[in-house]
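*Asks:* The structure's right below; bear with me while I get my questions together.
The values are calculated or read from the model by the stated rules, or taken from the named source; none is laboratory data. These numbers come from a predicted model, not from an experiment. Counting neighbours? That spans all protein chains shown, and the Cβs are built from the backbone with ideal geometry, glycine included. For accessibility, only protein heavy atoms count, side chains too; no ligands or nucleic acids. Shrake-Rupley method; radii C 1.70, N 1.55, O 1.52, S 1.80 Å.
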Amino acid sequence: MSKPVVSIVRYEKPFESLRRAVDLCGGLDHLPPRARVFIKPNIVFWTRKVAFPKWGVITTSRMVEDAVILLKERGVDHITIGEGMVVLSSDKETPAHAFESLGYNELNKRYGVRAINVFEREFREVDLGNGDTLRFNADILDSDFVVDIPVLKTHAQTVVTLGIKNLKGMIDINSRKKCHNADPEKNLNYWVGRLADPMPPMLTILDGIYTTERGPSFDGRVRRSNLLVASADVLSADMVGAKILGYEPRDVPYLVHAAKNRNRPCDLSNIEVAGEKIEDVASLHKYTFPYDKDNTLPLPMEKMGIKGLSYRKYDLTLCTYCSAVNGVVLAAVAAAWKGTPWDDVEVLTGKAMEPTPGMKKTILFGKCMYQRHKDNPVIREMIAIKGCPPQPKSIVEAFHRAGIEIDPSIIENADAAPGFFMGRYDGKPEFDPAHFTVT
């Protein structure tokens, strides 16, 4: 059998750069005639509260439109763009605002492309083998061909987040929570490694116009990298993408699982690379946020001199929804520090953490932590935040009860946080907002 081909191309010119990447890897050679094509971008987060430049977080509209043009050239008339971004399933306005802002409605007018919020569509249970099931969006399952366009970035939990991980946006909320379970064997990486298994034939395009370290969201660090990676084999694309970001595939647990599922070596030995050489474009992108030596406090907070608080490092069981809130809470806690040690407070997140004997106050962050420890005799004073995800009022009340006077406005205005982080790139010409519009 011939080796899967992965192309690496420097992004230099709209449309032509993507055409070269796709041609080099033969990415559309197996596109069926009159195909129904599903395009899966990465819109990890959106807010209507502030103008939100999306560099390194969200797939560029440039790549989405260029992919549409390639498909239209091949006579494809039925194209759907679909995403299930990190919002409550009842929130219809935010996805609609994202699609309008990113130019997807203009793509509809220009090319007849439709954009769907998958939370408004049917989900179907899929048997992944070994008794494993997840519920996937029916539109992507019923497509003849998928164009998967994630951002080239690292991930604080899964090391990298590329073509396979991008498909997590195609499962329903209960399935996403299931992926973040407390089973040490069937953990997040196990489930992510299976996400591509039920997919139709697929072209993967890693959008590296902007790349991010310590992703997947806006609190990472973004670079202008001008790279495109493409392949008709998603596992091969992800292994090459990992190498470009500075990681051996064998050191990315979900790639180890995915390779095992497909009886493939977890290295590049059976992959052909076309275009640029990996070593010429690779650059280490850190993936994990630094903590103190005991993993009980983020390193910047330790350097601030914070005492009397244990806020343990996130683990694989912290789901996307609690994770989105957790970063803002940490910022609020740091802002609340006035130099006086707090009263031996511990914060537990996710689904697996255990309380530390001797701590005076234990905040159980989220419904899962509360359910796990509501009757735990080790806890001296329990302060529970029971929501799924936790609500701002409950968070503020819990920390105030623990003696940590966080500013309610920081929590209540969490949707404004992207504006603060993205402000790092204001006035830098290499960070071009035009990549996220269709004109």
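*Asks:* Could you tell me whether region 243-285 comes out rounded, prolate or oblate from its Cα gyration tensor? Rule is a ≥ b ≥ c as square roots of the eigenvalues, rounded for a/c under 1.5, then prolate if a/b exceeds b/c, otherwise oblate.
*Replies:* Note, shape of region 243-285 comes out oblate.
*Asks:* OK, next. Please build a GNM for the chain, connecting alpha carbons under 10 Å apart, and tell me which residue among 130, 326, 187 fluctuates the most.
*Replies:* In the Gaussian network model the winner is 130.
*Asks:* Moving to a separate point now. Quick one: what are the phi-derived ³J(HN,Hα) couplings along region 381-391, Karplus 6.51/-1.76/1.60 with θ = phi - 60°, whole Hz, x for glycine and proline?
*Replies:* Ordered by residue, 3J(HN,Hα) equals 10, 8, 10, 9, 10, 8, x, 9, x, x, 8 Hz.
*Asks:* Taking amide H positions as placed 1.01 Å from N in the peptide plane, with prolines and chain starts having none, which residues 5 or more places from residue 148, or on another chain, fall under 5 Å of its amide H?
*Replies:* For residue 148, whose amide H was placed from the backbone, the distant partners under 5 Å are 40, 203, 204, 205.
*Asks:* Cut-off 16 Å, label point 7 angstrom out along Cα-to-Cβ of residue 430: give me the residues of region 202-231 whose amide nitrogen falls inside.
*Replies:* 208-213, 221-228
*Asks:* Pulled fully out, how much extra length does the chain show between residue 376 and residue 284, if you take 0.36 nm times their separation in residues and subtract their Cα-Cα distance?
*Replies:* Between residue 376 and residue 284, full extension yields 28.9 nm more.
*Asks:* Can you give the angle from 0 to 90° between the axis of helix 392-401 and the longest principal axis of the chain, with both taken from C-alpha atoms, to the nearest 10?
*Replies:* Between the helix axis and the principal axis of the chain, the angle is about 30 degrees.
*Asks:* Using Cα atoms only, what is the angle between the long axis of helix 61-73 and the major principal axis of the chain, expressed in degrees (0 to 90) to the nearest 10?
*Replies:* 30
*Asks:* Oh, and also: Using a Gaussian network model of the chain with C-alpha springs under 10 Å, which one of 340, 211, 161 is most mobile by mean-square fluctuation?
*Replies:* 340
*Asks:* Averaged over every viewing direction, what's the projected area of the C-alpha convex hull for the chain? Give it in nm², one decimal, please.
*Replies:* Projected over every direction and averaged, the Cα hull of the chain covers 20.8 nm².
*Asks:* Gain in length, residue 36 to residue 122, computed as 0.36 nm per residue apart minus the alpha-carbon separation, to one decimal in nm?
*Replies:* Residue separation times 0.36 nm, minus the Cα-Cα distance, leaves 29.3 nm.
*Asks:* Moving to a separate point now. Could you calculate the contour length gain from residue 277 to residue 130, that is, 0.36 nm times the residue separation minus the distance between their Cα atoms, to one decimal place in nm?
*Replies:* Net length gain for the segment: 49.1 nm.
*Asks:* Hey, another quick one. Once the dipole of the chain is set up with Lys and Arg at +1 and Asp and Glu at -1 on Cβ about the Cα centre, which of 171, 436, 111 lies farthest towards its positive end?
*Replies:* 171
*Asks:* Here is a follow-up. What's the angle, to the nearest 10 degrees (0 to 90), between helix 234-244's Cα axis and the longest principal axis of the chain?
*Replies:* Helix 234-244 and the main axis of the chain meet at about 70 degrees.
*Asks:* Shape call for region 36-92 from the C-alpha gyration tensor, a ≥ b ≥ c root eigenvalues: rounded (a/c under 1.5), prolate (a/b greater than b/c) or oblate?
*Replies:* oblate
*Asks:* Please state the charge dipole magnitude for region 82-125, taken about the Cα centre, from unit charges on C-beta atoms (+1 on K and R, -1 on D and E), reported in debye and rounded to the nearest 20.
*Replies:* So the magnitude is around 220 debye.
*Asks:* Percent of accessible area on region 234-306 owned by carbon and sulfur, 1.4 Å probe?
*Replies:* Roughly 48 percent, rounded to a whole number.
*Asks:* Heavy atoms of the protein only, probe of 1.4 Å, neighbouring chains included. What is the accessible area of residue 385 in Å², nearest 10?
*Replies:* Near enough 0 Å² of accessible area.
*Asks:* Going down the list 3/428; 360/386; 178/374, which pairs span over 29 Å between their C-alpha atoms?
*Replies:* Flagged as over cut-off: 3/428.
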